[in-house]
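Here is the structure we will look at, set down as structure tokens.
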Amino acid sequence: DVKVTQSSRYLVKRTGEKVFLECVQDMDHENMFWYRQDPGLGLRLIYFSYDVKMKEKGDIPEGYSVSREKKERFSLILESASTNQTSMYLCASSLNRNIQYFGAGTRLSVL
Amino acid sequence: QKEVEQNSGPLSVPEGAIASLNCTYSDRGSQSFFWYRQYSGKSPELIMSIYSNGDKEDGRFTAQLNKASQYVSLLIRDSQPSDSATYLCAVLSGSARQLTFGSGTQLTVLP
């Protein structure tokens, strides 16, 4: 079974803090994705990566950056957290251009 | 204009009935289509994928694809209260690596 692991289920941070969300997949998938999900707005793509050290902006990259130093790990970074970044963050991975498998999600609250 | 459209619902059906969920998409070059189920507070999980016109059945679930009319649907037969969830339609367009998600349809199966 594909396993996508997100490092934290719940996080509480203060405005202005630097926040790291980590995601690890164990299936040697080339593609990895970061989404945020908010009520009424659905799933929105923040960034994705199709290879090590490669990244592409999604629909809402502002305020975020990513890092992919190893194939299995994709990190989402909030350089200076703001209250409007309070959300559910979902990581996903896929092989080729196929099915995406999701992690359990990280619910981030920025106070 | 949203690229993948779903009725947001909520859709309510009695236990044992057929639930019909619909999704339309705008990109005629779309090649792969997916249905995800998401329980409240959980991450999306894949329940069906379909790549060619026609029907694809898996247990109580049937996915239907009509590329000429640019719609994909999901039928759930003998609906159970445990099917109550939000169902997300996702489309892989052209040469894209990332999925485009609809906003989801909330389904409630009444005992």
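The values are calculated or read from the model by the stated rules, or taken from the named source; none is laboratory data. Only a predicted model underlies this, so the values are computations on that prediction, with no experimental measurement involved. Glycine gets a Cβ as well: all are built from the backbone with ideal geometry, and neighbour counts include every protein chain shown. These accessible areas exclude ligands, DNA and RNA; they are computed on the full protein's heavy atoms, side chains included. Shrake-Rupley method; radii C 1.70, N 1.55, O 1.52, S 1.80 Å.
Would you confirm whether any residue within segment A:69-88 is open to solvent by less than 20 Å² (accessible area, probe 1.4 Å), more than 21 Å from A:E30 (Cβ to Cβ), within 11 Å of the chain's Cα centre (by Cα) and within 13 Å of another protein chain (Cβ to nearest Cβ)?
yes
Read through the list (1) crowded, with 17+ Cβ neighbours inside 10 Å; (2) closer than 18 Å to B:G102 by Cβ, then give the number of the only condition that B:V13 fails.
Answer for B:V13: the failing condition is (2).
For segment A:32-60, give me each residue that is part of a strand (DSSP E or B) and either within 9 Å of chain B (Cβ to nearest Cβ) or loosely packed, with under 13 Cβ neighbours inside 10 Å (or both). Lay out the reasoning, then the answer.
Residues of segment A:32-60 part of a strand (DSSP E or B): A:32-38, A:42-49, A:56-57.
Within segment A:32-60, A:F33, A:Y35, A:Q37, A:D38, A:G42, A:L43, A:R44, A:L45, A:F48, A:E56 qualify.
Conditions tested, residue by residue: (1) polar (S, T, N, Q); (2) in contact with a Phe, Trp or Tyr (Cβ under 6 Å, 6 or more places away or on another chain); (3) touching a residue at least 12 places away in the same chain (Cβ under 8 Å).
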residue	(1), (2), (3)
A:D1	no, no, no
A:Q6	yes, no, yes
A:T15	yes, no, yes
A:E22	no, no, yes
A:N31	yes, yes, yes
A:R36	no, yes, yes
A:D51	no, no, yes
A:E56	no, yes, no
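Of the residues B:G59, B:G41, which is open to solvent by 10 Å² or more (accessible area, probe 1.4 Å), without any contact (Cβ under 8 Å) to a residue 60 or more places away in the chain and more than 14 Å from chain A (Cβ to nearest Cβ)? Break it down stepwise before answering.
Numbers: B:G41 fails: more than 14 Å from chain A (Cβ to nearest Cβ).
Testing whether each residue is open to solvent by 10 Å² or more (accessible area, probe 1.4 Å), without any contact (Cβ under 8 Å) to a residue 60 or more places away in the chain and more than 14 Å from chain A (Cβ to nearest Cβ) leaves just B:G59.
Answer yes or no: is there a residue in segment A:7-22 that is in contact with a helix residue (DSSP H, G or I) (Cβ under 9 Å, 6 or more places away or on another chain) and not charged (D, E, K, R).
Scanning segment A:7-22, I find at least one residue that is in contact with a helix residue (DSSP H, G or I) (Cβ under 9 Å, 6 or more places away or on another chain) and not charged (D, E, K, R), so the answer is yes.
Scan segment B:68-93 residue by residue and report those that are among the hydroxyl-bearing types (S, T, Y), more than 15 Å from B:Q38 (Cα to Cα) and touching a strand residue (DSSP E or B) at 6+ places or on another chain (Cβ under 6 Å). Steps first, answer last, please.
Of the residues in segment B:68-93, the ones among the hydroxyl-bearing types (S, T, Y) are B:69, B:71, B:73, B:79, B:82, B:84, B:86-87, B:93.
Next cut, more than 15 Å from B:Q38 (Cα to Cα) only: B:69, B:71, B:73, B:79, B:93.
B:Y71, B:S73, B:S79, B:S93 - these are the residues of segment B:68-93 that are among the hydroxyl-bearing types (S, T, Y), more than 15 Å from B:Q38 (Cα to Cα) and touching a strand residue (DSSP E or B) at 6+ places or on another chain (Cβ under 6 Å).
Residues are listed down the side, and each one gets a yes or a no for (1) small (G, A, S); (2) over 15 Å from the mean Cα position of the chain (by Cα):
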| residue | (1), (2) |
| --- | --- |
| B:V13 | no, yes |
| B:S32 | yes, no |
| B:I47 | no, no |
| B:A68 | yes, yes |
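Every residue in segment B:65-100 that is touching a Leu at 6+ places or on another chain (Cβ under 7 Å) and open to solvent by 20 Å² or more (accessible area, probe 1.4 Å), please.
Hits for segment B:65-100 are B:S84, B:Q98.
Please go through segment A:95-109 and give me each residue that is open to solvent by less than 10 Å² (accessible area, probe 1.4 Å) and either over 16 Å from A:S49 (Cβ atoms) or more than 8 Å from chain B (Cβ to nearest Cβ) (or both), ordered by number.
Of the residues in segment A:95-109, the ones open to solvent by less than 10 Å² (accessible area, probe 1.4 Å) are A:100, A:103, A:105-106, A:108.
Within segment A:95-109, A:G105, A:T106, A:L108 meet the criteria.
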